[in-house]
1. Do we find that A16 is touching a Leu at 6+ places or on another chain (Cβ under 6 Å), assigned by TED's automatic domain parsing to the domain that holds R142 and either crowded, with 18+ Cβ neighbours inside 10 Å or modelled with pLDDT of 80 or more (or both) in this structure?
2. Of the residues E133, E170, only one is under 20 Å from L6 (Cβ atoms) and within 17 Å of the chain's Cα centre (by Cα); which?
3. Collect the residues in region 176-196 that are under 16 Å from A144 (Cα atoms), of a type in the set (A, V, I, L, M) and assigned to a loop (DSSP other than H, G, I, E, B), keeping them in residue-number order.
4. Which residue pairs have Cβ atoms under 7 Å apart, sit 6 or more places apart or on different chains, and have a first residue in region 68-83 that is under 21 Å from E8 (Cβ atoms) and in contact (Cβ under 8 Å) with a residue 40 or more places away in the chain and a second that is surrounded by 15 or more Cβ atoms within 10 Å (Cβ to Cβ) and among the basic types (K, R)?
5. Going residue by residue through region 215-222, is there one that turns out to be in contact (Cβ under 8 Å) with a residue 40 or more places away in the chain, of a type in the set (S, T, N, Q) and within 27 Å of E8 (Cα to Cα)?
6. Kindly check whether there is at least one residue in region 3-11 that is among the acidic types (D, E) and either modelled with pLDDT of 90 or more or more than 30 Å from R212 (Cβ to Cβ) (or both).
7. Considering region 317-336 alone, what residues qualify as being surrounded by 18 or more Cβ atoms within 10 Å (Cβ to Cβ) and under 26 Å from V99 (Cβ atoms)?
8. Could you pull out every one of the helices (runs of 4 or more DSSP H) wholly within region 246-340 that has 1 or more residues that are under 28 Å from P232 (Cβ atoms)?
Amino acid sequence: MSKNRLAEGIQSQALALGFEKLALIPLPRLNGFGSEVDRRLDALPEGQAKSVDKAVFERFAAFRRLSEVYPWAKTAIIAVMNYGVYRIPSNLIGKIGRVFCVDCRKDAQSQGYKASLALEEFMIANGLRVETERKYGLLPLRWAAYRAGLGRGRKNNFFYTQSGSWIHLEAWLGDQELELTENVELKPCPKDCDLCLKACPTGALAEPYLTRPSLCLTFLNATRPSDWVNHPLAKAAGEWIYGCDMCQGACPFNRNKWREDEEFPGLAELSQNLGLGQIVDLDYAWIRANLAPKFWYAPPENAFQWKVNALNALKNSWPPSEWRLYAQRALKDESPEVRRMAAWVLSLAD
């Protein structure tokens with residue numbers, strides 16, 4: 001099979017499997033990513049939190065050395081899956097980020113995961129050596145998608161296609177020189193639009209196209225346990241307990257993009273146990289068995305994280321008369337982090 005036919009065959013198979021689009025670009029086309037990371041690091045405001053921001057940005061260092069780490073790789077294959085098609089239970093909206101509700105990266109029952117495996121099998125069957133990393137990606141996904149012409153970034157720092165930012169990007173490295181790019185024409189953000197910056201409850205969008213991880217709720221409530229006791233952003237976190245999508249929800253280019261045509265496997269059933277008060281009372285074995293596999297930024301050993309975040313959300317959104325009993329029961333929780341959090345929120349209600 002010729003290289004052109006192989007590239008076209010991969011793209012055609014991706015579309016047949018349900019991907020919105022796919023492009024292939026030579027690996028050297030990703031050059032320039034390191035300079036972009038350095039530019040954003042230099043733009044971060046000085047202060048104590050910059051060390052946290054810098055540590056997160058430095059995780060991208062491996063992306064600068066793709067040719068060294070994968071000397072056999074010649075092509076980046078980037079695919080787009082639209083996840084803005086699922087019904088999100090109402091009790092999760094504004095509490096768990098939509099992308100995490102319908103995360104297909106590790107969910108073997110999801111259509112996205114099945115499509116990813118099938119596409120990879122197709123590429124291997126057609127003689128292409130490929131490698132991927134489904135959780136975090138082994139190359140800079142948004143940068144690669146932009147360089148491949150699949151869409152554009154916006155001021156909220158998310159990548160957009162015609163489906164808005166409600167998309168999942170996935171990429172593989174391949175060992176043959178292949179190229180098949182797109183040219184998606186999308187209007188740029190208006191110069192005077194700052195709706196996403198205003199919507200960010202914690203000020204994580206320091207400026208257009210620049211997110212500070214140290215202030216972003218997804219980093220604060222999902223990727224690691226946060227000690228909310230006397231935390232300067234505890235109130236700003238509102239009802240969010242895992243992630244946040246305020247900046248995406250405020251964006252005019254996302255208006256009417258979410259359709260809710262389909263049910264995501266198991267989400268409706270899981271949501272029945274995820275009221276804020278219910279979470280505080282959850283059994284840890286249940287959290288480890290049911291929440292940790294799906295919301296895998298919070299591993300089983302950090303199961304207490306759910307209760308700490310829920311207590312903060314209750315304190316922020318319910319009157320004390322409605323959450324006091326939950327907090328009082330939490331004073332006897334097996335986790336010291338939860339007991340400390342419960343004592344703090346009760347002290348604020350007195």
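1. The answer is no for A16.
2. Working: E133 fails: under 20 Å from L6 (Cβ atoms).
Exactly one of E133, E170 is under 20 Å from L6 (Cβ atoms) and within 17 Å of the chain's Cα centre (by Cα), namely E170.
3. L178, V184
4. V80/K21
5. Looking for residues that are in contact (Cβ under 8 Å) with a residue 40 or more places away in the chain, of a type in the set (S, T, N, Q) and within 27 Å of E8 (Cα to Cα), one finds none in region 215-222, hence no.
6. Within region 3-11, one or more residues are among the acidic types (D, E) and either modelled with pLDDT of 90 or more or more than 30 Å from R212 (Cβ to Cβ) (or both).
7. Matches in region 317-336: none.
8. Correct list: 246-250, 276-281, 304-317, 320-330.
The values are calculated or read from the model by the stated rules, or taken from the named source; none is laboratory data. Note that the structure is a prediction, hence the values are computed from the model and not measured. With ideal geometry, Cβ positions are generated from the backbone for all residues, glycine too; neighbour counts draw on all protein chains shown.
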